[in-house]
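One structure below.
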Amino acid sequence: MKITDVKPYPVWVGQRNQCLVKIETDEGIYGWGESGMSYRELAVAGAVRHYREWLIGRDPMQRGALWQEMYRSQYFEGGRVLLGAQSAIDIALYDIAGKALGVPVYQLLGGKQRDYVPVFATVWSSGEKLIEEVKFLIAHGWKVIRTIATHPHSDDPLLFEPRESIPHTANNIIKLREAVGSEPVIGVEYHHRLNVAEAASFCQRLPSGAIDFLEEPIRDETPGAYEALRRMVTVPFALGEEFSSKWAFLPYIERGLTDLVRLDICNVGGFTEAMKVAGWAEAHYMDLMPHNPLGPVCTAASVHLAAAVPNFSWLEVFANPLHDGTGHYDETIFPVQLRLDGPRFPVPTAPGLGVEVNEEYIQRQEFKYAEPPRLRKRDGSITNW
């Protein structure tokens, strides 16, 4: 079997751009992958086209060797754009291998270790609405809920003043925990919006046990910053959604700077690299809590990974009873996709990923230029989104 084409599709799908990649072979077997490099999909598509020039004619079953060749085939190895391209290609190659052998992808990773993959819901509200929505989810069987740091002045969606957010979010969490009790797992996502002192201040305002994890409180380029924060607080951290390759994870795992590994299979390098990170994490008694903000291809890849590793907690999923509860996109675009069964994904049994994409539909779509919000502090300076 030989690769005959590698097709990147950076197109508007549903409510956002996605960079989907299809790999075709001379035996009629094809695979789908997806890149996690949101808002820079054209850059990833360009990298995929570079790889396409020499991937054509190669054996798609040689996934590990092709990963190494993609990584080492340029002098400037790695980086988020190149690894976003490698991730999509690697996932598509695993889809092909599973279909060629007639087995689900997790069978290529050692077989399943669980019958279903538990997921967590995200709630964006604050105040009484936050409590109301979390109680609604709990009543529908959801046991793990992530909340989002909020700002008291919601009339300006582009304003984010960290020092104003800290007491507001802390008060929300204290009231939420009082309302729902100690059993539900509650986390807070700060999306890199704080510095070390601000993150410490936030944690120190919370009673012990108020939250079970704090996600991405500060930026992650400097592991030493998390070492400083770790000395000041005891809250478990959930980090890693932006990391591209095992080398980015290395200091965070080896130095104990994270507790829940927020690996993104569409950023880290696909299955080939994700399994290595999972092994490191297992050796340090850390569970994966994968980042999964994209579409059904990313979701399916994440479910197969979660099924195959022993050290797994919960998978991020957008769909929940507060939304439609079924998935990211409709069947017009993704006629075959994994479906939630309450707060869990049953482990699929179909060969490959178990996802199909309506290629004719996405061929008719175009890329729509889009940017994330540009958040500013009150003095006009830029802060993190």
Would you mind checking the tilt of helix 223-232 against the longest principal axis of the Cα atoms of the chain, expressed as 0 to 90 degrees and rounded to 10?
-> 30
State, to one decimal in nm, how far the label point of residue 285 lies from the label point of residue 115, with both points 7 Å from Cα in the Cβ direction.
-> 2.9
For residue 112, go through the lysines and keep the ones whose alpha-carbon is under 25 Å away, minus same-chain ones fewer than eight residues off.
-> 99, 143, 246, 276
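If the chain between residue 219 and residue 175 were fully stretched, how many nm would it gain, using 0.36 nm times the residue separation less the Cα-Cα distance? Walk me through the numbers on the way to the answer.
Numbers: separation 44, 0.36 × 44 = 15.84 nm, distance 2.75 nm.
So the chain would gain 13.1 nm between residue 219 and residue 175.
With a 10 Å radius around each residue's Cβ, average the other Cβ atoms per peptide and rank 192-203, 334-345, 284-295, highest first. Let's see the in-between values first.
On the way: 192-203: 20.2, 334-345: 17.9, 284-295: 22.2.
Taking the mean over residues of other Cβ atoms within 10 Å, the ranking is 284-295, 192-203, 334-345.
On full extension of the chain, what length is gained from residue 156 through residue 191, given 0.36 nm per residue of separation minus the C-alpha to C-alpha distance?
Working: separation 35, 0.36 × 35 = 12.60 nm, distance 1.82 nm.
Net length gain for the segment: 10.8 nm.
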Hey, what do the phi angles of segment 260-266 turn into as Karplus ³J(HN,Hα) couplings, whole Hz, using 6.51/-1.76/1.60 and θ = phi - 60°, x for Gly and Pro?
-> 10, 8, 8, 5, 10, 5, 8
Those aspartates and glutamates that a straight Cα-Cα span of less than 20 Å connects to residue 135, excepting residues fewer than 8 apart in one chain | 178, 183, 189, 212, 316, 324, 341
Within segment 236-279, find all residues whose amide N lies under 14 Å from a label point positioned 7 Å from the Cα of residue 230 along Cα-to-beta-carbon.
-> 236-240, 249-261
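Considering only DSSP beta bridges whose two residues both sit in segment 107-349, what percent are antiparallel, to the nearest 5? Could you put the intermediate results ahead of the total?
Values: 3 of 23 bridges.
If I count the DSSP bridges inside segment 107-349, around 15 percent turn out antiparallel.
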Taking the Cα atoms of segment 235-380 alone, what are Rg (to one decimal) and Dmax (as a whole number) in Å?
-> 17.0, 55
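Provide 272, 234, 25 in ascending order of the number of other Cβ atoms located within 10 Å of each residue's Cβ, fewest first. Numbers along the way, then the final one.
Details: 272 23, 234 7, 25 19.
By the 10 Å Cβ count, ascending, the order reads 234, 25, 272.
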Per residue, the convex hull volume that the Cα atoms of segment 180-242 enclose (Å³) = 82
Net charge of neighbours whose Cβ lies under 9 Å from the Cβ of residue 337, counting Lys and Arg as +1 and Asp and Glu as -1 = -1
Counting all C-alpha pairs of segment 3-103, share separated by more than 21 Å (%) = 27
Tilt of helix 270-283 relative to the longest C-alpha principal axis of the chain, in degrees (0 to 90, nearest 10)?
-> 50
Which angle between 0 and 90 degrees, to the nearest 10, do you get for helix 63-72 versus the longest principal axis of the chain when only C-alpha atoms count?
-> 70
Starting from the eigenvalues of the Cα gyration tensor, five times each then square-rooted, give me the equivalent ellipsoid semi-axes of the chain, largest first, whole Å.
-> 35, 22, 21
For the chain, with the dipole built from +1 on Lys and Arg beta-carbon atoms and -1 on Asp and Glu ones, taken about the Cα centre, which of 297, 54, 210 lies farthest toward the positive end?
-> 210
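Fewest to most neighbouring Cβ within 10 Å: what's the order for 368, 112, 143?
Values: 368 9, 112 18, 143 14.
Result, fewest neighbours first: 368, 143, 112.
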Among 78, 134, 145, the residue whose Cα sits farthest towards the positive end of the charge dipole of segment 38-190 (+1 at Cβ of Lys and Arg, -1 at Cβ of Asp and Glu, taken about the Cα centre) is 78
Stretchable slack from residue 4 to residue 331, in nm (0.36 nm times residue separation minus alpha-carbon distance) = 115.0 nm
Modelled label-to-label distance, residue 363 and residue 163, 7 Å Cα→beta-carbon offset: nm?
-> 5.8
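Read the figures in this text as sums done on the coordinates, not as results from a lab. Small disclaimer: the values here were computed from a predicted structure and weren't measured. We place every Cβ from the backbone using ideal geometry, glycine too, and count neighbours over all the protein chains shown.
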